[in-house]
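The values are calculated or read from the model by the stated rules, or taken from the named source; none is laboratory data. Just so it is clear, the structure is predicted and the values come from calculations on it, not from any experiment. Don't worry about glycine lacking a Cβ; one is built from the backbone with ideal geometry, like all the others, and counts go over all protein chains shown. Protein only, heavy atoms only, side chains kept; ligands, DNA and RNA dropped before computing areas. Shrake-Rupley method; radii C 1.70, N 1.55, O 1.52, S 1.80 Å.
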Amino acid sequence: MRVCTLVGARPQFVKASVVSGALQRAGIEETIVHSGQHYDDALSAHIIEELGITQPHTNLRVGSLPHGQQTGLMMHRLDAFLDNAGQFDAVLVYGDTNSTLAGALVAAKRHIPVAHVEAGLRSFDRSMPEEINRVVTDHISTWLFCPTSSAVNNLSVEGIRRGVFHVGDVMLDAVKAFSDLAGRMYPLHMVTRHSPGTYIVATIHRPVNNQSHARLSRIVDTLGHLGNPVILPAHPATAKALESLAVPESVEVIGPVGYLKMCTLIRHAKCVVTDSGGLQKEAYWHRVPCVTLRPETEWPETLQGGWNTCVNDNPDEILLAVERSRPEHQQPFGMPGEGTASEGIAQVLSKYWQRNYMAE
């Protein structure tokens, strides 16, 4: 079986690091294509190296563009690549980025089955580009690999019941696979001067937060009043937006951080303040409280027991949520999933191949 995997954003490389290994063990030949959506070395090249991911066969080098232009250029260049790459039995995409949508659309129009990892997630906010990407991708996918039971239910409500598999979360696979390695390679004293539990990790990357001067200013100013140092690894777009703001002294703006270093930072933080879906989960699995800078989350499981709180950009709500993020305020922790999602995905694809082709 030949599978073409399209990745382009930092979380997708992390997911691919565990899924690609499972595909290989199942005897599935994989060709990885990098869309170039994330072009900063710390967001792509460094992660590929540190997690031992197979180097992408090609890089479409799309770069930063408005959503429509970026998605269109990805489609054009991926289509050209597939013209000369031979026949693939599936195109595999991750999550909800423009790379996800572009890969799914190109594959569907070429009548290549689409495998969507992290299918069924919904924020129910159509103003989010990610919500449009994930909904459209789900409706043209052949295999929908869901991380949670709520994702399965979301698809059922939309009439999608065939090809749906509740395999678990591949990001949990990654956390289990790399947490110990992160601790050995990057102990806390190599990453920050702060002691465990004395600092807060923050990330701000969604356009709704970093493209509004007033909103970003309000969030960053609030970070300066949390009573603890805040380490803010800045996405390139956020870093540029911060240049025009007065950043409080207690907010340490640093460049993008590799996955392993971020594991170490999260693992020892007092709290995580973020608008990232992935970091909400990673904080949850590392038993670190999270405050989400959005009015909703596509990961409702993290809200259980008070481990995650959605506050949008209201300063008073942010301050209160962080104040209440002390461990004694959290309910007993439960970790959904077994960390075997990657193997489940590989088994489903392998069984499809055996049933449809090997018998011939």
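Details
- Whole-number accessible area per residue in Å² for the chain, which is evaluated in the context of all protein chains at 1.4 Å: 42
- Considering only the chain, percent of DSSP beta bridges that pair antiparallel, nearest 5: 0
- Summed side-chain charge close to S149 - residues other than S149 whose Cβ falls under 12 Å, Lys, Arg +1, Asp, Glu -1: -2
- Counting only residues at least eight positions apart within a chain, or on another chain, the aspartates and glutamates with an alpha carbon under 18 Å from that of K176 are E50, E118, E282, E338, E343.
- Zero-based 20 Å bins, Cα pair distances in the chain, whole percents: 30, 59, 10, 0
- Check: the stretch 170-306 dipole with +1 on Lys, Arg Cβ and -1 on Asp, Glu Cβ, in debye: 180
- Computed magnitude of the charge dipole of the chain (debye, nearest 20; Cβ of K, R +1, Cβ of D, E -1): 280
- Less than 5 angstrom separates the built amide H of C290 from those of V272, N308, T309, all sequence-distant by 5 or more or on a different chain.
- In the chain, the longest principal axis of the Cα atoms and the axis of helix 129-139 are about 30 degrees apart.
- Carbon plus sulfur fraction of accessible area for the chain, probe 1.4 Å, in percent: 51
- Potential lengthening between S217 and N59 on full extension [0.36 nm per residue; Cα-Cα distance subtracted]: 53.4 nm
- Positive contributions from Lys and Arg (+1) and negative ones from Asp and Glu (-1), summed over other residues with Cβ under 15 Å from the Cβ of F178, come out at +1.
- The long axis of helix 67-83 is offset from the longest Cα principal axis of the chain by roughly 30 degrees.
- Take the Cα of M185, step 7 Å toward its Cβ, do the same at L303, and the gap between the two points is 3.5 nm.
- Each principal axis of the Cα atoms in the stretch 210-252 has its own extent, and those three values, largest first, are 26, 19, 12 angstrom.
- C-alpha center-to-center spacing [the stretch 208-241, the stretch 134-168] in angstrom: 34
- Using the Cα coordinates of the stretch 218-350, the gyration tensor eigenvalues translate into equivalent-ellipsoid semi-axes of 27, 19, 13 Å, sorted from longest to shortest.
- Cα point-scatterer Debye curve for the stretch 10-145, base-10 log of I(q)/I(0) at q = 0.18 Å⁻¹: -1.07
- Across the stretch 299-305, coupling constants 3J(HN,Hα) worked out from phi with the 6.51/-1.76/1.60 Karplus curve, θ = phi - 60°, read 10, x, 4, 6, 6, 5, x Hz, and Gly and Pro carry x.
- Residue-by-residue Karplus 3J(HN,Hα) for the stretch 263-277, coefficients 6.51, -1.76, 1.60, Hz, glycine and proline x: 4, 5, 4, 5, 4, 10, 7, 6, 6, 10, 10, 7, 10, 8, x
- When each of the peptides 6-13, 50-57, 342-349 is scored by the mean number of other C-beta atoms lying within 10 Å of its residues, the order from highest to lowest reads 6-13, 342-349, 50-57.
- Charge tally around P300: other residues with Cβ under 14 Å, Lys/Arg +1 each, Asp/Glu -1 each, net -2.
- q = 0.18 Å⁻¹: log10 I(q)/I(0) that the Debye formula gives for the stretch 119-190, counting C-alpha atoms only: -0.72
- Those trypsin sites (Lys or Arg not before Pro) in the stretch 186-219 that DSSP places in a loop and that have at most 12 other beta carbons within 10 Å: R193
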